[in-house]
Each structure stands twice: as structure tokens, then as C-alpha cells.
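Below is one structure, written out as C-alpha cells; comments come after it.
The values are calculated or read from the model by the stated rules, or taken from the named source; none is laboratory data. Everything numeric here is computed off the predicted structure, so don't read it as measured data. Every residue, glycine as well, gets a Cβ built from its backbone with ideal geometry; the counts of neighbours run over all protein chains shown.
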């Protein structure tokens, strides 16, 4: 599901966000730092294209519909487990139709994310240690960015 504003008018929302966040400008320096740090790319043209994209309504949606399906399936399946229990990872793989050995889980908690996923037979990478950016994750799984 995509969010939209009445008649596509995002200016009132932008003004409200600026007021709420205390910005007197558009916050470009802050976002440029975030983009550069997370992608490893400091090219200003890349940043401008990305920044401009996120000022459009097509960039905003509640969540990936498939992710919501996974959450719903896990709730309905009666899996009364949470990380680091490997059952939660196994059920997610089952629902997605992938074998655990073909899945990778990226998380920020060694015990809950890494140990749990590995106990289920998934590969697991610790954010900030094994991988440090979304670009690195994409490269490691063979996606061109």
C-alpha cells in the first residue's frame, strides 16, 4: 500500500516535518551524511538523485507487501517463538519457499540474530561487523547497485 497526500501535495507535510524536526532548511547535510555513510558513495549527483526521489510520493509506502505476508503467516502459524529460537527463522524460510542454506539474515544482535539464524541453517551477518552498508550487503548477495 502506498501513502499519498491529497492531490499529491507534499509541501504541507514537508513544512510540518521541518517544523517538527527543527530544521530551517531541508536537512540536506544530515541526509547527505546518512547516504554517504550507509552506501559508501559520496558522489553529489547520486545523492541529489536519491534525495529528489524521496521527495516524491512514489518513494513512500508502509512496508514491502511480501514482508507483511511473512509477518502474517508467522502469526497465523502459531509459532510461539522469538529470536534466537531457530524455529522463527525456519518458518520464515518455509513461507518464502527457500531452503535455510539459501537464506541470509542480517541483524544487529549477535545472540538473537546471528546465533538464531545460524542454528536454523541460514547464513547470518552481523550489521556493523560482517557488513557495514546496504551496498556491501547487495554486493555480497550478487546484486548490482
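Brief remarks on what is shown
- Of everything in the range 103-113 that is in contact with a strand residue (DSSP E or B) (Cβ under 9 Å, 6 or more places away or on another chain) and either assigned by TED's automatic domain parsing to the domain that holds residue 42 or part of a helix (DSSP H, G or I) (or both), the residue that is nearest to residue 87 (Cα to Cα) is 113.
- Filtered residue count, the range 94-106, keeping only those that are within 18 Å of the chain's Cα centre (by Cα) and either surrounded by 18 or more Cβ atoms within 10 Å (Cβ to Cβ) or over 24 Å from residue 138 (Cα atoms) (or both): 3
- Condition met for residue 17 (assigned to a helix (DSSP H, G or I), out of contact with any strand residue (DSSP E or B) (no Cβ under 9 Å at 6 or more places or on another chain) and modelled with pLDDT under 75): yes
- Of the criteria (1) assigned by TED's automatic domain parsing to the domain that holds residue 133; (2) more than 22 Å from residue 137 (Cα to Cα); (3) modelled with pLDDT of 90 or more, which one residue 80 fails: (3)
- Positions within the range 74-101 being under 12 Å from residue 120 (Cβ atoms) and part of a helix (DSSP H, G or I), in sequence order: 86, 87, 88, 89, 90, 91, 92, 93, 94, 100, 101
- Selection status of residue 72, over 30 Å from residue 12 (Cα atoms) and either out of contact with any helix residue (DSSP H, G or I) (no Cβ under 8 Å at 6 or more places or on another chain) or surrounded by 15 or more Cβ atoms within 10 Å (Cβ to Cβ) (or both): yes
- Subset of the range 114-145 that is over 15 Å from the mean Cα position of the chain (by Cα) and part of a helix (DSSP H, G or I) - its residue that is nearest to residue 40 (Cα to Cα): 139
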